[in-house]
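Take a look at the structure set out below.
The values are calculated or read from the model by the stated rules, or taken from the named source; none is laboratory data. Computed from a predicted model, the values in this text were never measured in an experiment. In this analysis, Cβ positions are derived from the backbone assuming ideal geometry, glycine residues included, and neighbour counts consider all displayed protein chains.
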Amino acid sequence: MTLRIDLSKEVRSSLQDTLQYFMNVDDLPRFHPEYIQNVRIMQRQGSDNNKNIEFEQEASFHGKKIKSVNRLIRHENSIRIETLDGNGKGSRTSIRCQELSPENTRITLKAELHYGLLEKLLGGSIHAVIGRMFKEDIRNIERSGE
């Protein structure tokens, strides 16, 4: 079973600041303290507009510990995150950013998540958590531009 998520929102932030926010995986525990406990960068490669980051992430969802190894790939105005190992292995998330004006960007998040039995039992909750985290991201991005 695959859980599909499709979210879109306009944010008051430049395209580059918005992309930089999503590239800052080191701060995920600060951005989402209720869910993400720890991030460890394993490898960084590439330049600013074409970068790969592999990282290990420890999270918690309804008291269940979730641990995964992920690869974040930035190419121009999009970011793809793939879960390589651990909980959610095979999941993919894409974040596309479109400049609407110098200070406004549209963010489109599409995800295909694979959590096995957990997604069957808590699919609606997982969707709600991703929605809450996306709203937190929007608030954080807009605050950083103030």
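Restrict the check to the range 45-59 and report whether at least one residue is exposed (fewer than 15 other Cβ atoms within 10 Å of the Cβ), part of a strand (DSSP E or B), on the phi > 0 side of the Ramachandran plot and modelled with pLDDT under 95.
Going through the range 45-59, the residues exposed (fewer than 15 other Cβ atoms within 10 Å of the Cβ) turn out to be 45-50, 52.
Adding the requirement that they be part of a strand (DSSP E or B) leaves 45-47, 50, 52.
Right, trim to on the phi > 0 side of the Ramachandran plot and you get 46.
So of that shortlist, the ones also modelled with pLDDT under 95 come out as 46.
Yes, the range 45-59 has at least one match.
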Next on the checklist: If I ask for residues that are of a type in the set (Asp, Glu) and in contact with a Leu (Cβ under 7 Å, 6 or more places away or on another chain), which ones from the range 1-51 would you list?
Outcome noted: Glu10
Next on the checklist: Can you say whether Asn70 is within 16 Å of Gln16 (Cα to Cα) and either among the acidic types (Asp, Glu) or at pLDDT 95 or above (or both), as far as the supplied structure shows?
Outcome noted: no
Checklist outcome for this item: Counted residues in the range 1-15 being at pLDDT below 95 and either of a type in the set (A, V, I, L, M, F, W, C) or in a helix (DSSP H, G or I) (or both) come to 3
Checklist entry - How many residues are farther than 19 Å from Ile126 by Cβ and surrounded by 14 or more Cβ atoms within 10 Å (Cβ to Cβ) when one looks only at the range 30-44? => result 1
